[in-house]
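Here the structure is laid out as C-alpha cells; the discussion comes afterwards.
The values are calculated or read from the model by the stated rules, or taken from the named source; none is laboratory data. Just so it is clear, the model here is predicted, and its values are computed rather than measured. Cβ placement follows ideal geometry from the backbone for every residue including glycine, while neighbour counts extend to all protein chains displayed. All accessible areas refer to the heavy atoms of the entire protein, side chains included, with ligands and DNA or RNA removed. Shrake-Rupley method; radii C 1.70, N 1.55, O 1.52, S 1.80 Å.
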Amino acid sequence: MAITKGLSAPTARLLLEGDVEGRYPGRNDGEEGYRLTMALAAGASQPGREWMPADFYRALLYSPTPGGEWARRLMRRKGAEFAEGKLAWMLTKARNFVRQEAPIVCRQSAWEAVERVRRAVERSVWRSRDGGEADVKNLAVRLELCERGGGLDHELSVRRQAELMGCALRTAVKSNRRLRASGWLELERSGARTEEGSKWRLLLPGKGERDSAAVTHPPAAGSTGGAGPRVSVVHTDTRALVRLAGHDAFHRYGHGTNGARLLTLLEEGEGKTAVELREATGLHRTTVGRRLKALVADGLVEELEGLFYLASSLAGPAGVLPDATVLEGAARERGTAGAGARRKARHSRERLNYRRWRAERRARRVDVALRLVPVGAVDVETGEITDPGWEGWDVSDPYRPVPRPAWAA
C-alpha cells in the first residue's frame, strides 16, 4: 500500500515534503513537529479515508518521510513502544475531533469554517445591556486572528485582546466569561502564570448552526414569528468593526462600539434612515438616535432630510475606510485621545514587572534536599551507626535511607 493512500493532495504533500510553507509554526521545533503531526492525523481521519494505527506508524515511524521527522525523533529518544502509543493517542484525538466537526481536508475548508462562525456572529443580536457591545467586538477581533491563522484555534493573551478591542482589561475578561458560557468560545489552555497567551477555539453555539445561514433577528414584539410582518435580518460588518473598534474615537466614553457598528453600515452615496439602522443593528431607538447625533456632530456622518450618509473623508471603495486625522479629531472632541496609548504603556509596565517578579522568584528559589538522617547519627570516621534508632537501616545516603533486608541484618 502506498503511504499516501487515501490522503488528500495537501495532506500528502505535507507528509512527503514537510511544512515547506510554514503553515504550522511554533515556539520551537518540538511544538512545530507536534502541530504538523496532528494535522497529518486529522488528514488521516477524514470520513471514508480513515487510516488504521498501523498505517500511521508505517508512514511516520518506519518510512523516511519529512512529515514524520518529529515522530522518529520521539522514537529514538523514548523507544518504539512509546512513539507508537503517542501516535495512536493523537490519531484517536483527531478522529474524535473530525466526528464532531465538519470535515477539514485543506486550508480552504478551515477558512470556510471560520466564515460560518463569522456569518453567525454578524447576523446575531448583540444587546448593549447584556454586554453584547463588548462581546461582538471580542468575536470580531478573534475572527481576524483565526482568518490569518487558517483555523478556529488561536492564541491570544487577555492584555493583547484588550488592546485590540480598545477596552479595559476587566471588560475583556468579563466578555470572555460570557462567550464561554453561551457556547461561542472554548478555552483550550490557560496562559495564566506564564508569559504565553491562552489558547482558544471559536465555536458555533448549539452545533445546529453549522450548515444554516446564521442566527437571525428575533420576531418583532407582538408577532408570532411565522405570521405577521417580516423582521429585517441583523447585520454587523465584523471586518470593518475591527478597523474602527480599537481607535480612541470609539472608546467607551467616546462613540463606543455601537457608534462604530452604525458607521460600518453607512455609505457615502446611499442614505439610510434611523429606523433602518435600528433594524439592522437590533439596538434600541434611543441608542441609535444618541449615537447618530454624536457622529454627525463630529463630522463622521452627514444628515440630509432624515437620511444619514457616511462622510466622504471616511468613504472607501468597499465601505468605511478609517482616516487617522478625522478620527483623532473626533477623539479629542470626546476627550478620549491617547487612551489607547496609555493602555498599551500600562500593559507594557505590567508585563515587565511580571517578568522581573518571575526572575527574582527563580533567583530566590533554593532547591535543598531534605536530610533525613541527622548529623551525628553516623560516625564520620568509621561509618558506624551511633544512634540506636537507625539500627537496621542503610544510611550510606543520608538523604535517602532505606531499610536493610532481613538477610543483611
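A Cβ distance below 7 Å, combined with a sequence gap of six or more or placement on separate chains, defines the contacts here; from region 123-152, residues that are under 16 Å from His235 (Cβ atoms) reach residues that are acidic (Asp, Glu) in the pairs Trp126/Glu133; Trp126/Asp135. Counting the residues of region 255-293 that are of a type outside the set (Ser, Thr, Tyr), touching a helix residue (DSSP H, G or I) at 6+ places or on another chain (Cβ under 7 Å) and in a helix (DSSP H, G or I) gives 17. Give me the residue from region 1-25 that is of a type outside the set (S, T, N, Q), closer than 21 Å to Arg148 by Cα and surrounded by 13 or more Cβ atoms within 10 Å (Cβ to Cβ) and, out of that set, modelled with the lowest pLDDT. Checking each candidate, the answer is Arg23.
Which residues, taken from region 302-322, are over 33 Å from the mean Cα position of the chain (by Cα), free of Cβ contacts under 8 Å to residues at least 40 places away in the same chain and part of a strand (DSSP E or B)? The answer is Glu302, Glu303, Leu304, Leu307. When restricted to residues that are assigned to a helix (DSSP H, G or I) and either hydrophobic (A, V, I, L, M, F, W, C) or in contact with a helix residue (DSSP H, G or I) (Cβ under 6 Å, 6 or more places away or on another chain) (or both), region 323-341 contains 8.
The residue of region 376-389 that is nearest to Pro401 (Cα to Cα), among those that are without any contact (Cβ under 8 Å) to a residue 12 or more places away in the chain and β-branched (Val, Ile, Thr), is Ile385.
Can you pull out every residue in region 295-307 that is open to solvent by 20 Å² or more (accessible area, probe 1.4 Å) and either in contact with a helix residue (DSSP H, G or I) (Cβ under 8 Å, 6 or more places away or on another chain) or among the small types (Gly, Ala, Ser) (or both)? Break it down stepwise before answering.
Our first condition is that a residue be open to solvent by 20 Å² or more (accessible area, probe 1.4 Å); within region 295-307, this holds for 296-299, 302-307.
Result: Ala297, Asp298, Gly299, Glu302, Glu303, Gly306.
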